[in-house]
Each structure stands twice: as C-alpha cells, then as structure tokens.
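Novice: The structure's right below; bear with me while I get my questions together.
No lab work stands behind these numbers, since they all come straight from the coordinates. Remember, predicted model here, so these are calculated numbers, not experimental data. Neighbour counts are summed over all protein chains in view; Cβ atoms, including those assigned to glycine, are modelled from backbone coordinates with ideal geometry.
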Amino acid sequence: MAQTATIYTFAIELSDMDRGVYESLDLRVARQPSETMEYMLSRVIGYCREYREGIAFTQGIAAGDEPAVAVRDLTGQLLVWVEVGMPDADRLHRASKHAARVVVYTHRNPEVLKQQLAGKRIHRAEEISIFALDMRFMAALSAAVERRTSLSLSITEGQIYVEVGGQSIASALAEHRLA
C-alpha cells in the first residue's frame with residue numbers, strides 16, 4: 001500500500017524587514033514520504049521569503065513539472081518559480097523560460113549544486129538566485145518542528161531568525177548566483 005503525505009500545520013508570524021512584509025500565516029504543508037524534514041522546511045522558508053499576493057504551494061515533488069512554490073498574477077501568469085534542494089539543469093532551464101524570476105532554496109551545499117550545473121544549458125542562468133540555508137540551522141529547526149507548530153520568522157539584512165518551541169535559531173541567508 002502506498003504511503004500518503006503527512007500534513008504539517010504552521011502558524012507563522014512573518015517579519016521580512018528587508019522587503020517590508022509583515023503577515024500572520026496559517027499554512028498546511030504536505031510532506032511527501034520521499035521528502036526529508038529539511039526539504040519540507042526549505043519549502044516553508046522559501047514560501048515565507050517570497051511571500052506576496054498570488055503565492056501558493058504546488059504539488060511540487062508529487063508533480064514533477066511544477067515548482068515547489070509558485071507566485072502567479074491575477075491572470076494566472078507565472079511570475080516566480082521557487083525550486084528547493086538540488087534541481088537539475090533541465091528543470092531550471094524550463095523554469096526560467098516559464099517565469100520572470102527563478103529562485104532556489106537549498107539546505108545542501110550550494111557549491112556542489114553550482115558544480116553540478118556548471119557548463120549546462122540553462123536559460124538566463126545569470127539571473128537565477130540560490131539561497132543557501134545553513135545545515136546546522138536546518139537541523140536545529142527540524143528538531144524543533146512538530147506536526148502543529150507556531151513560530152515567528154524574521155528576516156533582516158540577510159539573516160534569518162526563528163523563534164520556535166521556546167528556542168531561538170538564527171543563520172545567515174547567503175545568496176549565490178549560478179553564473
């Protein structure tokens with residue numbers, strides 16, 4: 001019998017001071033059996049970091065031709081394609097042809113990702129941002145998250161701060177470029 005997704009519920013107080021975004025978010029996130037906790041949390045952080053009108057989680061890993069998170073305008077036009085983890089060159093090439101902006105949030109080593117993609121054909125590769133989430137930060141966050149979690153997430157000057165379960169977790173949110 002096939003395993004089904006596990007649903008996580010997040011109540012997030014978001015303060016992205018770099019962009020002037022302050023919101024209370026109630027998210028229901030499906031964690032697929034093939035996803036690690038770090039992967040799922042990278043999707044959540046990507047959602048928060050890219051939050052704006054028209055943002056939504058997609059079927060992501062369950063539907064291979066969609067981004068993990070998408071931002072669409074009122075006409076349905078894809079504005080932002082958010083990838084997570086270690087996407088391959090073909091996926092990023094297709095993404096940059098479909099969306100005005102492509103961004104990757106990875107809980108893995110961004111240099112390894114850049115090496116894997118070096119020399120590959122990727123449309124507008126120089127415009128693709130990679131945000132690296134520190135592995136220790138992600139491990140601490142993974143250990144603190146439960147199926148129902150309330151947290152505050154603040155972003156300022158390239159730093160991410162999370163208050164969850166009575167503890168504070170912080171990390172730099174380093175931006176890299178493919179080219």
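Novice: Which whole-Hz couplings ³J(HN,Hα) result when phi for each residue of the stretch 133-138 is put into the Karplus expression 6.51 cos²θ - 1.76 cosθ + 1.60, θ = phi - 60°, listed in order with x for Gly and Pro?
Specialist: Values per residue, Gly and Pro as x: 9, 4, 5, 5, 4, 5 Hz.
Novice: Also, I was wondering about something else. As I understand it, the dipole of the stretch 6-177 uses +1 on the Cβ of Lys and Arg and -1 on the Cβ of Asp and Glu, about the Cα centre. Which of Ser168, Gln32, Leu133 lies farthest toward its positive end?
Specialist: Checking the options against the dipole of the stretch 6-177, the answer is Gln32.
Novice: Let me ask something else. Bin by bin, in steps of 10 Å, what percent of the Cα pairs in the chain do you find, going until the bin that has the longest distance?
Specialist: 9, 39, 38, 13, 1
Novice: Amide H neighbours of His123 under 5 Å, counting only residues 5+ apart in sequence or on other chains, H built in-plane at 1.01 Å?
Specialist: For His123, the qualifying residues are His93.
Novice: Calculate one ³J(HN,Hα) per residue across the stretch 37-43 by plugging θ = phi - 60° into the Karplus curve 6.51 cos²θ - 1.76 cosθ + 1.60, and present them in order as whole Hz with x for glycine and proline.
Specialist: 4, 4, 5, 4, 5, 5, 5
Novice: Within the stretch 57-128, report the trypsin sites (Lys or Arg not before Pro) that DSSP leaves as loop and that have at most 15 other Cβ atoms within 10 Å.
Specialist: Qualifying residues, ordered by number: Lys120, Arg121.
Novice: Compute, for the chain, the length of the dipole vector about the Cα centre, with Cβ point charges of +1 (Lys, Arg) and -1 (Asp, Glu) only. Units Debye, rounded to 20.
Specialist: 480
Novice: Amide H to amide H under 5 Å from Val21: which residues, 5+ apart in sequence or cross-chain, H placed 1.01 Å off N in plane?
Specialist: Hits under the 5 Å cutoff: Asp16.
Novice: Tell me, which longest segment in the chain has none of the GluC sites (Glu not before Pro) that fall in DSSP loops with at most 12 further Cβ atoms within 10 Å?
Specialist: 54-145
Novice: In which sequence would Thr4, Thr58 go, from the one with the fewest C-beta neighbours within 10 Å to the one with the most?
Specialist: Thr4, Thr58
Novice: Starting from 0.36 nm per residue, how many nanometres of slack lie between Gln77 and Ala11 once their C-alpha separation is accounted for?
Specialist: Stretched out fully, the Gln77 to Ala11 stretch lengthens by 20.9 nm.
Novice: Now for a different question. Given only helices, namely DSSP H runs of n ≥ 4 each adding -39500 (n - 2.57), what is the per-residue ellipticity at 222 nm of the chain, to the nearest 500 deg cm²/dmol?
Specialist: Counting only the DSSP helices, I get -7000 deg cm²/dmol.
Novice: May I pose another question? May I ask you to evaluate 6.51 cos²θ - 1.76 cosθ + 1.60, the Karplus curve with θ = phi - 60°, for each residue of the stretch 83-89 and list the ³J(HN,Hα) values in order in whole Hz, giving x for glycine and proline?
Specialist: Those phi angles translate into 9, 10, x, 10, x, 8, 4 Hz.
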